[in-house]
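Step one of this worksheet: look at the structure below.
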Amino acid sequence: MSTTFQLSISIFGILLATTFSCFASHPVIDDVQLQKWYKVLINDRKVGSSTLHVLTHKHGTTTTDSLSIETKQQARQKVRTNIISVHEETLDGQALSFRKVMNVPNLERRFIATIKSDKLLVQTIDNNSDTTKEYDLPQPILLFNGVRKHLINILANNKNKTLSYYSWDFTRLDFNLIELKIENPEERTNTRYWKIAKTVTSDRPEPKKSYFYTDAEFYQSEISFQLSGKKVDIIECSEACATKRNKPYNNFSAMFKNSPYRLPKRARQGKIRYELSFSGEKKLDLPNTFEQNTFTKNGRTFVDVCDQCGTESAPDSLDQYLSPNAWVQSDHPTIQKAAKRKAGKKRSSHAKMKALERYVEARMTGKIQYIGYGSALDAYTSKVGDCTEFALLLAALSKSAGIPTRVVIGLAYSEETFEGRDHIFIPHAWVQAWVDDRWKSYDAAYDGFDAGYIALGIFDGNKRDYIEISRHIHQIEITSASRVIQEEPYTP
């Protein structure tokens with residue numbers, strides 16, 4: 001079995017972060033309702049809609065933002081994902097609470113964030129768990145109505161026309177620092193009355209910058225951005241326009257990579273040298289592992305892959321690779337019990353990993369769903385998912401069995417036929433476990449590691465890094481692949 005990464009989930013993360021900081025509530029008048037409609041386009045193809053509903057009452061404002069995206073999977077299967085965000089504020093724009101509900105096939109996940117004095121309590125509820133964590137609250141933290149009120153005030157009193165504040169990111173489970181600067185558009189219209197420059201600072205190496213447009217009252221009217229090589233537009237329009245029939249985007253095949261040659265199984269059992277080319281401004285830094293050696297020669301990028309092709313320094317500590325997180329719940333009693341039952345009697349780490357690999361493959365009997373990003377516990381309970389769920393479940397089980405483990409995103413060669421294409425590279429996820437004093441790959445969703453795997457990034461299984469790494473896949477092309485019979489001497 002194999003899979004592709006989903007464009008739609010990346011869209012949701014960015015859309016929610018955008019609407020979180022841009023929409024605002026209506027001026028304070030008792031029991032006033034406001035509703036706006038938006039169409040969502042990918043490469044000028046309508047794939048969904050969004051609505052903004054603001055209710056102002058004597059106790060404050062309630063702002064509801066609903067987003068619906070329709071995509072296609074293999075065999076033209078349509079999948080709809082819905083996300084609803086609700087923000088509660090006082091009449092003067094003070095944040096009280098906010099919540100989000102995400103619904104994809106076989107999974108509903110709810111987040112409820114409540115402000116208590118100088119703390120933010122974040123409750124996460126899904127099919128299998130209910131957890132609450134406490135975070136220190138930075139200031140100022142603003143929601144829809146608060147952002148709008150501050151922008152109006154800044155327009156009148158701040159020469160720099162700049163607003164800085166914090167917002168909560170449900171994907172990162174952390175705060176982002178947002179800076180908005182009011183600018184005049186190139187040509188002023190009713191829907192392009194203000195141009196807003198937005199800078200988001202998080203734990204990424206570089207701040208993320210973008211622009212969007214609002215009407216005269218600072219309600220968002222239009223935003224455009226590039227995502228995984230695709231142009232995404234969210235544009236205000238009439239209800240009839242927004243609810244017009246969608247043309248679902250085929251996110252299953254969009255990330256396939258052509259192989260320059262057919263790579264038979266025998267060749268993949270040895271060593272293969274790939275040459276990669278990159279498009280776009282930023283080139284993805286490929287990792288060097290015990291199974292992969294990346295080098296540049298005469299300005300060209302090459303990757304050697306085999307069982308022991310590369311070198312990698314041993315980590316100072318393996319503790320972080322045993323730690324659970326929100327997506328890899330290795331400390332959950334259900335996961336611990338399964339790991340002990342399936343791997344407890346095995347003597348070596350390799351034997352334990354092979355037993356857990358077989359167990360995950362046997363357990364995941366549900367329909368393959370190329371949508372969403374379920375946790376290890378979601379995968380264990382529902383038995384449904386794609387390669388990411390297979391990898392997260394295997395990582396949780398192996399960590400619970402005491403084996404340090406990390407998750408890998410990359411490309412895997414497939415001889416299977418997808419959307420009429422075969423002998424292609426498909427975005428894929430697997431794990432690497434610390435076995436016999438080295439990192440070794442294991443894959444419960446496919447036929448096992450060989451030289452047909454190219455690692456693009458390594459992470460701990462959290463959704464934030466998954467999105468960040470997978471967004472670069474569209475920049476990569478495999479221009480050459482050759483079996484290495486005799487090692488060529490090379491000095492970088």
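One chain, two ends: GLU134 and ARG266. Fully extended at 0.36 nm per residue, the span grows by 42.2 nm beyond their Cα-Cα distance.
Given charges of +1 on the Cβ of Lys and Arg and -1 on the Cβ of Asp and Glu, with all other atoms neutral, how large is the dipole of region 257-483 about its Cα centre, in debye to the nearest 20?
Details: 33 positive and 28 negative charges, 145 e Å.
Roughly 700 debye for region 257-483.
Going from the residue with the fewest nearby Cβ atoms within 10 Å to the one with the most, VAL328, VAL305 rank VAL305, VAL328. Taking the C-alpha atoms only, the angle from helix 144-157 to the longest principal axis of the chain is near 60 degrees.
Note on the chain: with charges restricted to the Cβ of Lys and Arg (+1) and Asp and Glu (-1), its dipole about the Cα centre is near 1080 debye.
Ranked for footprinting exposure by Cβ neighbours inside 10 Å, fewest first, TYR219, TYR321, TYR261, TYR466 give TYR261, TYR321, TYR219, TYR466. Residue separation of ASP331 and ARG192 scaled by 0.36 nm, minus their Cα-Cα distance, works out to 45.0 nm of gained length.
Quick check on region 7-250: of the DSSP beta bridges with both residues there, what percent are antiparallel, nearest 5%?
Values: 100 of 103 bridges.
Roughly 95 percent of the beta bridges in region 7-250 run antiparallel, per DSSP.
Close amide H partners of LEU456, meaning residues 5 or more places away or on another chain with modelled amide H under 5 Å apart, are ILE409, GLY410, LEU411. Of the residues ILE272, PHE225, THR289, the one whose Cα sits farthest toward the positive end of the charge dipole of region 198-293, with +1 on the Cβ of Lys and Arg and -1 on the Cβ of Asp and Glu, is ILE272. Relative to the longest principal axis of the Cα atoms of the chain, helix 349-363 runs at roughly 60 degrees. Between ARG204 and ASN153, what is the spin-label point distance in nm, taking each point 7 Å from the Cα along the Cα→C-beta axis? Taking the two extended label points, one gets 2.9 nm.
Would region 118-249 count as rounded, prolate or oblate if I go by the C-alpha gyration tensor, calling it rounded below 1.5 in a/c and otherwise prolate when a/b exceeds b/c, oblate otherwise? Judged from the Cα gyration tensor, region 118-249 comes out oblate (a/c at least 1.5, b/c at or above a/b).
When Rg/Rh (Cα atoms, Kirkwood Rh) is computed from the coordinates, the matching label among (1) 1.02; (2) 1.18; (3) 0.99 is (3). In this rough spin-label picture, where each label sits 7 Å from Cα along the Cβ direction, the GLN35-THR365 distance is 4.5 nm. Estimated from helices alone, the mean residue ellipticity of the chain at 222 nm is -5500 deg cm²/dmol (sum of -39500 (n - 2.57) over DSSP H runs with n ≥ 4, per residue). The angle between the Cα long axis of helix 387-400 and the longest principal axis of the Cα atoms of the chain comes to about 70 degrees, rounded to the nearest 10. Once the C-beta distance of SER66 and LYS340 is scaled by a Förster radius of 45 Å, the resulting FRET efficiency is 0.55 to the nearest 0.05.
Exceedance of the 24 Å cut-off in Cα-Cα distance is limited, within the set LYS72/LYS198; LYS46/LYS161; LYS209/LYS231; LYS78/LYS231; LYS39/LYS161; LYS100/LYS161, to LYS72/LYS198; LYS46/LYS161; LYS39/LYS161; LYS100/LYS161.
May I ask you to compute the full-extension gain from LYS247 to ASN43, defined as 0.36 nm times their residue separation minus their alpha-carbon distance, rounded to one decimal in nm?
Extra length from LYS247 to ASN43 when fully extended: 72.3 nm.
Every read-out reported here was derived from the displayed coordinates using simple, explicitly stated rules and does not represent laboratory data. Owing to the predicted nature of the structure, the values given are computational and were not obtained by experimental measurement. Here the Cβ is made from the backbone with ideal geometry for all residues, glycine too, and neighbour counts use every protein chain on show.
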